[in-house]
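Sharing a structure with you now.
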Amino acid sequence: MPEPVTTALSVSDGQFYLVDPSTRVPLLYSAGSNGLVGILGDGAACICTGTLDGFVQVAVAPRQGPPPSLLPGWDEVVDIAFHAPSGRFGVHGGAIEGPQLPNLADADPGPYRVRVHARGRDAGLGVETVRSASDIVEEYLIVAWPGNGDPEVVHQTRDAAGDHLRALPPDPTGMPPLMDTGGAQADPMGRKRP
Amino acid sequence: MKETTRRLARGIAAGAAAIAMVTSTATGALATTTPPTPSPKAPPARTQVPEELKAGVQKNWRPQPKPDQTQSCSTVKERATKASKTAGPKAGLISCADFITSPRDIKSNIAVGLDPDDGTDPLPAGCGALGSKIVSRVVDCQTGWVVYELWTRPKPEEPPKLVGTATVQVDSFDQLGWKAPHFNRTVKVKMTEATGLATTGLTATVNVRCSGSKCADDYASGGSFQQELLLGQPWTGFAQFNSSPIASDSKSDALFHFMTTSISLHHPLTDNPPYVSEHDSESIRCDKRLPTADPNTPNDAGGCVFHDFWPFYTLSKTTGTATKTAAHIERAQIATANHWGLYTGGAKDKALNRLADETLANKNRTEACKAAPNPRPTGMDCDEYPFAATYQGAALEGYGDSHWELIDFRDNRAEGAYRKNWYAENRMLDGDAFWVKIVP
């Protein structure tokens with residue numbers, strides 16, 4: 001397995017995303033039912049951090065196949081099915097100036113398997129804000145390989161942040177539409193009448 | 001004609017110039033004597049712009065094109081009468097209405113083909129109200145009327161006689177693409193009243209043009225380009241335009257446009273030029289977010305909004321995933337002296353203005369939460385209001401007049417992500433104003 005590429009990622013509102021740049025899905029807050037990562041739609045997933053605003057450490061590792069074994073030392077580990085319509089996806093922190101992290105898709109457009117590892121989220125919740133990379137308290141490792149759409153597998157759950165999120169999972173579908181069209185059947189693309 | 005001018009001027013002053021109204025001396029019945037001065041019959045009365053719109057939601061109203069006095073009904077008839085005294089009278093009729101024109105920087109013009117109206121226009125509720133205006137950040141609708149008259153040509157010792165009248169209702173419905181830089185206008189034309197010789201033969205030609213930088217024709221309906229109007233039968237036309245904003249993080253790179261409808265009416269029994277009235281859309285702003293250094297940032301195709309419309313950011317206290325944050329905002333709006341973001345229609349209402357600078361937003365957040373327990377209690381975030389990402393944040397205009405509470409972190413973060421997407425979809429650029437509305 002090649003060495004993961006690691007960076008200090010700036011997050012806001014306690015979340016970052018796995019994103020295929022072609023996605024049109026709004027990047028909203030979701031932890032699914034596993035307390036760590038929620039699929040938002042094709043090409044978009046949300047990963048919930050403990051830190052509210054500022055830096056977390058993220059390592060990514062694209063692979064040709066599944067890792068041979070589960071890595072020890074992580075608080076939360078979940079495998080999800082992620083669909084990458086354009087054949088490219090990666091970590092997106094939401095900030096305007098994001099770091100250069102490698103493409104996690106090592107094959108064609110289609111389904112991928114993504115294993116998300118997290119540790120230190122409870123510490124991140126306590127400090128809330130991390131303004132310097134040297135003060136980072138939580139880490140992520142994201143490993144991806146070509147998948148087949150298998151259902152999610154929860155390998156490890158042992159942080160309080162996850163317990164809180166699993167107890168009452170935030171459901172982004174309960175929010176109103178982002179654009180108020182005043183009751184009109186307006187087309188977001190501004191095209192000919194629907 | 002002075003009456004016409006005043007009426008129009010009042011409409012503009014009230015922000016209600018939904019369409020360049022054409023007024024006349026029509027009586028609704030055939031006249032046997034000349035009424036060259038304005039008569040009491042005016043186009044249907046228009047509802048004034050709701051106070052809510054005038055006071056706060058939309059701050060700037062585009063002035064409508066000024067009427068060309070030389071083409072008004074009274075002027076046309078006066079000229080014709082004078083001409084008849086010095087030269088032999090021509091045969092045929094003369095027509096008149098008020099003529100609106102305003103030469104501007106026209107970038108694109110589409111002759112709209114009129115199709116039979118199928119009655120399925122997606123007009124939102126409220127669009128049917130007389131003179132209604134902007135509905136949302138991406139939808140606008142307007143109603144107005146042209147009153148058209150046919151007169152006999154004056155002869156010596158024989159003043160002109162009114163031999164036909166028609167009232168033509170013009171509905172416009174504008175839609176902007178907020179996820180792609182296209183915008184369009186649907187125009188519905190319907191003769192709602194006709195008398196005498198105007199009951200047949202009156203034809204309408206509709207053009208919609210786009211003004212402002214870098215807009216181009218994209219699509220127009222392909223029906224009849226000169227359509228005879230029949231009483232009670234509506235016709236619709238449709239025009240669509242493209243904008244081409246460059247990708248930029250600077251507000252100054254946004255492009256501004258507006259659409260103008262030109263309605264031309266002509267009757268075959270007349271030999272003077274068709275009469276044209278025009279009306280403008282509200283100002284349209286199109287922008288495109290910069291692709292960031294992060295190759296995983298979702299692409300922005302650009303989009304357009306009515307930037308003068310100040311939208312409501314609405315949260316529910318009972319529905320969705322940000323109910324606790326909504327309840328806090330409601331308490332904060334009450335507790336702060338400026339009642340930040342609360343819309344009441346009063347002169348002292350203070351809207352919020354979006355702040356794009358993340359460093360300043362961090363300072364706002366730090367200042368607002370400086371008194372909150374540190375570390376936070378388990379499962380809690382410090383939630384601040386006014387929002388850190390506004391110019392009313394605690395380190396800026398809201399210094400000394402902000403509010404914080406400890407909120408369940410799930411709720412606070414769900415709201416933060418939702419609002420970030422709301423800013424993006426509503427294309428709220430730095431400084432853009434909005435209201436915050438909490439609903440049950």
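Have a look at region B:368-440 and give its Rg and Dmax from the Cα atoms, expressed in angstrom.
Considering region B:368-440 through its Cα atoms, Rg and Dmax are 13.2, 36 Å.
Express in % the proportion of alpha carbon pairs of region A:24-175 at distances exceeding 20 Å.
The share of Cα pairs beyond 20 Å in region A:24-175 comes to 47 percent.
Ok, one more. B:Lys348 to B:Ser224: FRET efficiency via 1/(1 + (r/R0)^6), r the Cβ-Cβ distance, R0 60 Å, to the nearest 0.05?
It comes out at approximately 0.65.
For chain A, what does -39500 (n - 2.57) per DSSP helix run (n ≥ 4), summed and divided by total residues, give at 222 nm, in deg cm²/dmol to the nearest 500?
Working: 2 runs with 15 residues, N = 194.
It comes out at -2000 deg cm²/dmol, rounded to the nearest 500.
Any chance you could check region B:411-430 for residues losing 10 Å² or more of accessible area when the partner protein chains are in, compared with the chain on its own (1.4 Å probe)?
Listed in order, they are B:Asn412, B:Arg413, B:Ala414, B:Gly416, B:Ala417, B:Tyr418, B:Lys420, B:Asn421, B:Trp422, B:Glu425, B:Asn426.
Could you tell me the convex hull volume per residue, in Å³, taken over the Cα atoms of region B:310-439?
Taking the convex hull of the Cα positions in region B:310-439, it is 98 Å³ per residue.
A further question on this structure: If I compute solvent accessible area with a 1.4 Å probe over the protein chains, what percent of it on region B:310-439 is carbon and sulfur?
53
Excluding A:Ser33 itself, what net charge comes from residues whose Cβ is under 9 Å from its Cβ, given Lys and Arg +1 and Asp and Glu -1?
Once all neighbours under 9 Å are counted, the net charge is 0.
Could you pull out the pairs from B:Lys251/B:Lys348; B:Lys288/B:Lys437; B:Lys179/B:Lys363; B:Lys317/B:Lys370; B:Lys251/B:Lys437; B:Lys324/B:Lys437 whose alpha carbons sit more than 24 Å apart here?
Exceeds cut-off: B:Lys251/B:Lys348; B:Lys288/B:Lys437; B:Lys179/B:Lys363; B:Lys317/B:Lys370; B:Lys251/B:Lys437.
Can you sort B:Tyr219, A:Tyr112, B:Tyr399 by 1.4 Å-probe accessible area, starting with the largest?
B:Tyr399, B:Tyr219, A:Tyr112
Let me ask another. Report the gain in length on full extension from B:Lys363 to B:Arg331: 0.36 nm times residue separation, minus Cα-Cα distance, nm rounded to one decimal. Working shown, then result.
Working: separation 32, 0.36 × 32 = 11.52 nm, distance 2.26 nm.
That pair, B:Lys363 and B:Arg331, stretches by 9.3 nm at full extension.
On the protein heavy atoms, probe 1.4 angstrom, tell me the percent of accessible surface of region A:1-144 carried by carbon and sulfur.
54
For region B:202-335, just the Cα atoms, rotate onto the principal axes and tell me the three extents in Å, largest first.
For region B:202-335, the Cα extents along the three principal axes come out at 69, 39, 24 Å.
May I ask for the net charge around B:Gly400, where only other residues with Cβ less than 13 Å from the Cβ of B:Gly400 are counted and Lys, Arg are +1 while Asp, Glu are -1?
So the environment of B:Gly400 carries a net charge of -2.
Residue by residue through A:17-25, how many Cβ atoms from other chains fall within 10 Å of the Cβ on average?
Values: counts 4, 1, 5, 2, 7, 2, 2, 4, 2.
Other-chain Cβ atoms within 10 Å of each residue's Cβ, averaged: 3.
Something else about it: Send over a whole-number figure in Å² for the accessible area per residue of region B:373-440, probe 1.4 Å. Don't jump to the answer; show the numbers that get you there.
Working: 2160 Å² over 68 residues.
About 32 Å² of surface per residue is accessible.
For region A:1-100, what is the largest minus smallest coordinate of the Cα atoms on each principal axis, given in angstrom and ordered from greatest to least?
The Cα atoms of region A:1-100 stretch 34, 30, 30 Å along their principal axes.
Still on this structure, I have one more. Take peptides A:179-189, B:339-349, B:137-147 and line them up by average Cβ neighbours within 10 Å, highest first, as a rough protection proxy.
Order by mean packing, descending: B:137-147, A:179-189, B:339-349.
Sort B:353-362, B:169-178 by the packing proxy (mean of other Cβ within 10 Å over each peptide's residues), most packed first.
Top to bottom by mean Cβ count within 10 Å: B:169-178, B:353-362.
Something else about it: For chains A and B, what's the summed buried accessible area, probe 1.4 Å, to the nearest 100 square angstrom?
5400
The values are calculated or read from the model by the stated rules, or taken from the named source; none is laboratory data. From a predicted model like this one, the values you see are computed outputs, not experimental measurements. Neighbour counts run over all protein chains shown; Cβ positions are idealised from the backbone, glycine included. To get the accessible areas, we keep the full protein, side chains included, count just its heavy atoms, and leave off ligands, DNA and RNA. Shrake-Rupley method; radii C 1.70, N 1.55, O 1.52, S 1.80 Å.
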